[in-house]
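Worksheet for the structure shown next.
The values are calculated or read from the model by the stated rules, or taken from the named source; none is laboratory data. These numbers were taken from a predicted model, which means no experiment stands behind them. Please note: Cβ atoms are built from the backbone with ideal geometry, for glycine as well, and neighbour counts cover all protein chains shown.
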Amino acid sequence: MNPVKHTIQSRINSLKEISKGFDAINHSATKGTLRENGLIEFFKEVIPSKLSISSGIICDASGGVSNQTDFIVYDRGVLPPLFLSSEISLIPVDSVYLTAEIKSNLRKKDLDQISDARKNFTKLKLSSFSDESENKSDVKIPTVVLAYATDIAENTLVKWMEKEEGVVSICVIDRFTLSKERDSIKKHEYSSENKLNNETLIFISQLFNHLNIEITKTRPKSNWEAYILGAKEFAKKHGITMK
C-alpha cells in the first residue's frame, strides 16, 4: 500500500473510531452534528486546495435560496461567501461546485428531503445575465450522499439515483459506494477480508477528480455587482431584459 493510500485509510479508521465514541451521546441531533463536523474536517484535507467547504445556504442575485445544506464545496475566488455565523455561510451559487448530504443513518425520509432540496437548486440562476441567456436557470450542482449507516435496500437507492439526475454518488462507510459511471450505476464494496475501506477510498478519489475537472473548466463570468444591487436593479442599469 502506498503512503498516500495508507495515510487516508488511517484517517478513515480514526474517523470511524471517533464516530463510535459519539454513540454514548443520547441526544441524536447533537450526535449527528458532531459526526457531520468530523466528516467536513476530514474532507477539507482531500479536496483540491483551491476550494473550501462550509455548511450554509446557497443564494442567487434574484433572491432565490436553497435549503440549509450540510456540506457545500465552493471557490471563494469566484465570489466571496458571507458568514452568518461561525458555522453557517451564505454562498453565491456562481461559486458552488458540489453539495453533499451527510447522514448518521440514511433513511427513506432523507431521500425525500434531498429530492426537495435539489428542486430548489434547479431554480437558482447564475449572475452572468445577458440578453442571450434571458436569465434562464442554468445551474447544475451535483450532489453526493455520505452516510455512516442505512437500512434502505440497495436496489431502492439505485432506483432513486436513476430518478435523481443530479445525485452522482452515495457512500455508506464500511458497506458500499454507488456511483454513476458513464451510463450505469456501479457498486464498490468494503473489503472485509483486508479491512480496507475501498468504498470510501473510491468515493474520495472520484470526488477529487470531479472537482479537479470542474475547476479547470471555463465558467460564465460572475457579477458580484448583481448580488450587491439585486438582479433587477443590475439588469436595469445595464439595459438587460430579464424574463
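So which of SER14, SER54 is touching a Ser or Thr at 6+ places or on another chain (Cβ under 8 Å) and among the hydroxyl-bearing types (Ser, Thr, Tyr)?
Numbers: SER14 fails: touching a Ser or Thr at 6+ places or on another chain (Cβ under 8 Å).
When all the criteria are applied, what remains is SER54.
Applying the selection to the stretch 75-86, what residues are in contact with a Gly (Cβ under 9 Å, 6 or more places away or on another chain) and surrounded by 16 or more Cβ atoms within 10 Å (Cβ to Cβ)?
Across the stretch 75-86, the qualifying residue is only PRO81.
Against the conditions (1) farther than 22 Å from GLU162 by Cα; (2) over 18 Å from the mean Cα position of the chain (by Cα); (3) buried (at least 18 other Cβ atoms within 10 Å of the Cβ); (4) not aromatic (Phe, Trp, Tyr), where does GLY63 fall short? Just the number, please.
(3)
Out of the residues in the stretch 6-50 meeting the condition of being touching a residue at least 24 places away in the same chain (Cβ under 8 Å) and among the hydroxyl-bearing types (Ser, Thr, Tyr), tell me which one is nearest to ASN212 (Cα to Cα).
Out of the qualifying residues, it is SER19.
Surrounded by fewer than 20 Cβ atoms within 10 Å (Cβ to Cβ), among the polar types (S, T, N, Q) and within 22 Å of ALA226 (Cβ to Cβ): does that describe SER89? So that I can check it myself, show each step before the final result.
On the way: surrounded by fewer than 20 Cβ atoms within 10 Å (Cβ to Cβ): no; among the polar types (S, T, N, Q): yes; within 22 Å of ALA226 (Cβ to Cβ): yes.
Against the criterion (surrounded by fewer than 20 Cβ atoms within 10 Å (Cβ to Cβ), among the polar types (S, T, N, Q) and within 22 Å of ALA226 (Cβ to Cβ)), SER89 does not qualify.
Where the second residue is small (Gly, Ala, Ser) and in a helix (DSSP H, G or I) and the first is surrounded by fewer than 17 Cβ atoms within 10 Å (Cβ to Cβ) and lies in the stretch 218-243, which pairs have Cβ atoms under 8 Å and are six or more apart or on separate chains?
THR241/ALA235; MET242/ALA231; MET242/ALA235
Can you find a residue that is more than 26 Å from GLN9 (Cβ to Cβ), of a type outside the set (Phe, Trp, Tyr), under 15 Å from the mean Cα position of the chain (by Cα) and modelled with pLDDT under 95 anywhere in the stretch 124-133? Give the derivation first.
The initial filter retains those residues of the stretch 124-133 that are more than 26 Å from GLN9 (Cβ to Cβ), namely 124-133.
So of that shortlist, the ones also of a type outside the set (Phe, Trp, Tyr) come out as 124-128, 130-133.
Next cut, under 15 Å from the mean Cα position of the chain (by Cα) only: none.
Taking every residue of the stretch 124-133 in turn, none turns out to be more than 26 Å from GLN9 (Cβ to Cβ), of a type outside the set (Phe, Trp, Tyr), under 15 Å from the mean Cα position of the chain (by Cα) and modelled with pLDDT under 95.
Collect the residues in the stretch 187-236 that are touching a helix residue (DSSP H, G or I) at 6+ places or on another chain (Cβ under 9 Å), over 30 Å from ALA61 (Cα atoms) and not β-branched (Val, Ile, Thr), keeping them in residue-number order.
LYS187, HIS188, GLU189, TYR190, SER191, LYS195, LEU196, ASN197, LEU201, listed by residue number.
Could you count how many residues in the stretch 44-54 are within 15 Å of the chain's Cα centre (by Cα) and modelled with pLDDT of 85 or more?
7
Right, VAL4: under 15 Å from the mean Cα position of the chain (by Cα), modelled with pLDDT of 85 or more and closer than 25 Å to LYS195 by Cβ or not?
Values: under 15 Å from the mean Cα position of the chain (by Cα): no; modelled with pLDDT of 85 or more: yes; closer than 25 Å to LYS195 by Cβ: yes.
Against the criterion (under 15 Å from the mean Cα position of the chain (by Cα), modelled with pLDDT of 85 or more and closer than 25 Å to LYS195 by Cβ), VAL4 does not qualify.
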